[in-house]
Amino acid sequence: MRKPEDNSSHHKTPPKKTLDRVISQAGLGSRSEARGWIGAGRVTVNGKTVQTPDVWVDPERDRVSVDGRPLQAASKQYLLLYKPKGYLTTYKDPEGRRTIYDLLENVSERVFPVGRLDQDTTGLLILTNDGEFGDYVTSPESKVPKTYLVKSSQRLSGEQLDQLCNGVVLADGPTRPAIVNRVRDSEKYTFFEITITEGRNRQVRRMVEALGAKVLKLVRTRIGPIGMKDLEIGKYRTLTPEELASLRKPSRSSRNGRRDGPPHASRNGTSERAANTSRRRGHNG
Ligand code: URA
């Protein structure tokens, strides 16, 4: 499998990395687990025990071992899972609840989720053992857009959707501008799509709560340009090299906006503005 674009390939000497990152990127576990092993004296660099996770190492020259076993470059895995409701995005649950790992079969490397979905959220979740790639996709600086389909507990007005679009103030600060499309209203509920470029804890639920409503259903339908296609719920597939490359491309949809109507219709600025204006004048506004 081809690796995603390696931004460091133009460096003559590979950049140094912190010890915890090097261990995590070898696919052994998360960075916090690595920090625990380092603190416990289980890690050596060039034969010497090192107990500081922030120490810089050169992954190509320095010999790093955990419990006496040298790190080996794990083969990189990039999976796309359609997470069902009721599964936790953790490795193990002390209460014995189902986790996403119960859905994985024959995955030879230890993969970890790129970001999190709440237990009741369904939809797309990437799993990988490539820490650098995972960091890129989750970093707010990368602005990789994530799209959610939301069912709210009440009908939302045009002004309320505009608030989501322009940003609402949460306990951890204001949200970035988002793209919001009303999909349809039923007698009691509004169904809408929201695309955000951050991934804060329970962000969409908290944004809707800031409007005085609740999220009844939440589905992540898209990560960057990658949609659900024919992926069945509870199943996963390998991401293609083209999909990996597309996630690395700067996003074209980081500008905010709101549109009413079914998703995936044309997105030109004029009709978006017209839709907003007409909605504000209409019975929902
Ligand atoms: N936002 C949420 O509120 N929950 C999720 O699971 C994902 C995004």
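The values are calculated or read from the model by the stated rules, or taken from the named source; none is laboratory data. A quick note: this is a predicted structure, and the numbers were derived from the prediction, not measured. For neighbour counting, all protein chains shown are included, and Cβ atoms are generated from backbone atoms with ideal geometry for every residue, glycine included.
Miscellaneous remarks
- Test result for ASN106, out of contact with any Pro (no Cβ under 6 Å at 6 or more places or on another chain), surrounded by fewer than 17 Cβ atoms within 10 Å (Cβ to Cβ) and at pLDDT below 95: yes
- Count of the range 125-140 residues, restricted to those that are surrounded by fewer than 22 Cβ atoms within 10 Å (Cβ to Cβ) and within 13 Å of the ligand (Cβ to nearest atom), is 1.
- All positions within the range 211-225 that are within 19 Å of GLU141 (Cα to Cα) and more than 12 Å from the ligand (Cβ to nearest atom): ARG222, GLY224, PRO225
- Breaking point among (1) farther than 21 Å from SER153 by Cβ; (2) over 18 Å from the mean Cα position of the chain (by Cα); (3) surrounded by fewer than 14 Cβ atoms within 10 Å (Cβ to Cβ), for ARG259: (3)
- Filter pass, ASN181 being within 30 Å of SER75 (Cβ to Cβ), surrounded by 18 or more Cβ atoms within 10 Å (Cβ to Cβ) and not β-branched (Val, Ile, Thr): no
- Residues satisfying the criterion are present in the range 42-60 (criterion: part of a loop (DSSP other than H, G, I, E, B), crowded, with 17+ Cβ neighbours inside 10 Å, in contact (Cβ under 8 Å) with a residue 40 or more places away in the chain and of a type outside the set (Ser, Thr, Tyr)).
- Residue in the range 85-92 that is at pLDDT 95 or above and surrounded by fewer than 16 Cβ atoms within 10 Å (Cβ to Cβ) present: yes
- Tabulated pairs, the range 183-200, first among the acidic types (Asp, Glu), second at pLDDT below 95 and within 16 Å of the ligand (Cβ to nearest atom), C-beta under 6 angstrom, 6+ apart or interchain: GLU198/PRO140
- One residue from VAL208, VAL183 being over 22 Å from SER142 (Cα atoms) and within 12 Å of the ligand (Cβ to nearest atom): VAL208
- Only one of SER153, SER142 that is more than 18 Å from the chain's Cα centre (by Cα) and of a type in the set (Ser, Thr, Tyr): SER153
The rows are residues; the columns are (1) modelled with pLDDT of 90 or more; (2) under 22 Å from THR128 (Cβ atoms).
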site: ASP6; (1), (2): no, yes
site: PRO15; (1), (2): no, yes
site: ARG21; (1), (2): no, yes
site: SER30; (1), (2): no, yes
site: GLY36; (1), (2): yes, yes
site: THR44; (1), (2): yes, no
site: VAL50; (1), (2): yes, no
site: VAL55; (1), (2): yes, no
site: ARG61; (1), (2): no, no
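- The condition of being outside the structural domain of VAL208 (by TED's automatic domain parsing), among the β-branched types (Val, Ile, Thr), within 16 Å of the ligand (Cβ to nearest atom) and in contact (Cβ under 8 Å) with a residue 60 or more places away in the chain does not hold for ILE100.
- Hits in the range 94-122 (condition: in contact with a strand residue (DSSP E or B) (Cβ under 6 Å, 6 or more places away or on another chain) and assigned to a loop (DSSP other than H, G, I, E, B)): ARG97, VAL111, VAL114, LEU117, GLN119, THR121
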